[in-house]
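Scroll down for the structure; my scribbles are underneath it.
What follows draws every value from the coordinates through simple rules; no lab data is involved. Because the structure is predicted, anything quoted here is derived from the model rather than measured. Cβ: placed from backbone, ideal geometry, glycine included. Neighbour counts: every protein chain shown.
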Amino acid sequence: MALRSTKDRVALLKIESTYGTDASPGAAQAILLMNSTINPLADKLERQTDRPFFGGDPFVLINKRIELEAECDLIGNATAGTAAPLGALYRACCHSETLVAAELSAPGTLTPTTNTTGGTLAAATYYYKLTAINAIGETIASAEASQATTGATSTVGLSWSAVVGATGYKLYRSTSSGAETYLTTLGAVTSYTDTGAISPGTQPPPSVNTTVGAIYRPISTSFASATVYFYQAGVLYKMTGVRGYIDFDQSINNYSKGKVKLTGLLTAPTDGEAPGGIDFSAFQTPAAIQTETWEVICGGVNVCAKALTLNQNATIGLQECSESREVAVSDRKPTGTLRVLKDSALATWDPFALADQQQVVTLISRVTKASGLNVEIPIRAQLEYPKPADVDGFAGYEINFTAVPSGSGGDEYALIVR
């Protein structure tokens, strides 16, 4: 008898051209997973016959399917602007993939002008910086521009040259040179009038350009499907028509994790060994989540986060009719939890007030390696009332939230890898 360890396992995953048609993944499509479990499943259709004696009912197996559950590291790319090493997995988990390989340039010179009427800016010297943004991220800031105002009803007009490829801009303002903080986000425009109606937040301009990478967004139609070959202890479990979901889990002194559940059409398992030549070198070592590597921003304020989870809450299952059999997706309602320490007064960051606004706030989690590779999860979060919590013996909050899309949909959260 030749016993084999359950740890002798590997998964190969490849996107299908046609739903349910075996894409034949090979060694080049190996994906690095952890704590994988494979589970062939079926429901019993029993025949409850009348008999003059006791005993079990005969049955046939229906709704045959196979499920793979695993964990994975959320990691950046070895080469900026290319697909994530787990890009095919994210696509099979109901996400689109957008690659941006050309880095945006920082905006050039800001040209300020002033008007003594039409606004609420008090007499002072105002300092401004501008960044350009795209679907992936944000450039470093432009050179600083300043403008003095008089009276108490002034405005400051700003103009600049368009940055090629930019989808918008972020403006930063201060009354002290070099201390600019976030003021507002603009569309693809080349001018703006600051009337004083908006007060600056606390977030300074970024120190690195983050406009190159891959972004994965949730979708509601045109779902990709995949073929998975899962080899374990000399047995090949073949899954076709695979779709699934991935939940995100980040906590201090841990790694950024994805928790994956895939469902596919069942093919009878066969004897089989994993192919040779499997290479996991594209899977970079993830950054440990520590003070130096993790940044969490909620409503424009850096918060003292201990943990963040985001669950897709997707409804996925095998659907069968007279014409087809398919793993189908019928809904998604993402929710999550942010766990933070109370390290400042409510005057600085008030999660109760944010919840009372009954509006979406921007929640951003970013984990960055020393090399600059990072994983970012921006979320359009509507917060529930915070629950006062004991966080490792210290006062904190546990805040549940719902990820709410805009009117166009598909933007309630994203996974950005660089």
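Work out the FRET efficiency for D331 and A123 from their Cβ-Cβ distance, taking R0 = 60 Å, and round it to the nearest 0.05.
After rounding, the FRET efficiency stands at 0.60.
Relative to one another, the C-alpha centroids of segment 173-204 and segment 46-61 are positioned 74 Å apart. Over all other residues within a Cβ to Cβ distance under 12 Å of V417, the charged ones net out to 0, with Lys and Arg as +1 and Asp and Glu as -1. Rounded to whole numbers, the Karplus 3J(HN,Hα) couplings from phi for segment 98-105 are 10, 10, 10, 9, 9, 6, 6, 7 Hz, using 6.51 cos²θ - 1.76 cosθ + 1.60 with θ = phi - 60°, and x at Gly and Pro.
How large is the charge dipole for the chain, taken about the Cα centre, if only the Cβ atoms of Lys, Arg (+1) and Asp, Glu (-1) carry charge, to the nearest 20 debye?
Values: 30 positive and 38 negative charges, 39 e Å.
Its charge dipole is roughly 180 debye.
Sorting the segments 221-230, 399-408 by their residues' average number of neighbouring beta-carbon atoms within 10 angstrom, most packed first, yields 221-230, 399-408. Close Lys pairs in segment 205-343 (alpha-carbon distance under 27 Å; sequence gap of 8 or more, or different chains): 12. Subtracting the Cα-Cα distance of A370 and V208 from 0.36 nm times their residue separation leaves 57.1 nm of extension gain. Contact order, relative form, for segment 111-194: 35 percent (alpha carbon pairs under 8 Å, 6 or more residues apart, mean separation divided by residue count). Computed over the Cα atoms of segment 218-311, the ratio of the radius of gyration to the Kirkwood radius (Rg/Rh) comes to 1.10.
Against the empirical 2.2 N^0.38 Å (N residues), segment 111-194 has a Cα radius of gyration ratio of 1.08. Each other residue within a Cβ distance under 15 Å of M34 adds +1 if Lys or Arg and -1 if Asp or Glu, for a net charge of -1. Were the residues from Y19 through S251 laid out at 0.36 nm apart, the gain over their Cα-Cα distance would be 79.9 nm.
Counting 0.36 nm for each residue step from T190 to E69 and taking away their Cα separation leaves a gain of 38.7 nm.
So how do E412, E323, E46 line up by other beta-carbon neighbours within 10 Å, fewest first?
Numbers: E412 22, E323 6, E46 11.
Ordered from fewest to most neighbouring Cβ atoms within 10 Å, E412, E323, E46 come out as E323, E46, E412.
Across segment 172-178, computed HN-Hα scalar couplings (Karplus, 6.51 cos²θ - 1.76 cosθ + 1.60, θ = phi - 60°) run 10, 9, 7, 9, 10, 4, x Hz from first to last residue, x flagging Gly and Pro.
With a Förster radius of 45 Å, plug the Cβ-Cβ distance of A2 and A389 into 1/(1 + (r/R0)^6) and report the FRET value to the nearest 0.05. Write out the running numbers ahead of the final one.
Values: r = 51 Å, r/R0 = 1.14.
E(calc), rounded to 0.05, equals 0.30.
Note on the chain: the C-alpha convex hull projects to 27.9 nm² when averaged across all orientations. Could you calculate the FRET efficiency of L41 with Q359 from 1/(1 + (r/R0)^6), where r is the beta carbon distance between them and R0 is 51 Å, rounded to 0.05? Computed FRET efficiency for L41 and Q359 comes out at 0.75. The string of couplings for segment 273-286 from the Karplus curve (6.51, -1.76, 1.60, θ = phi - 60°) is 10, 4, x, x, x, 5, 9, 9, 5, 6, 8, 5, 5, x Hz, one whole number per residue in order, with x for Gly and Pro.
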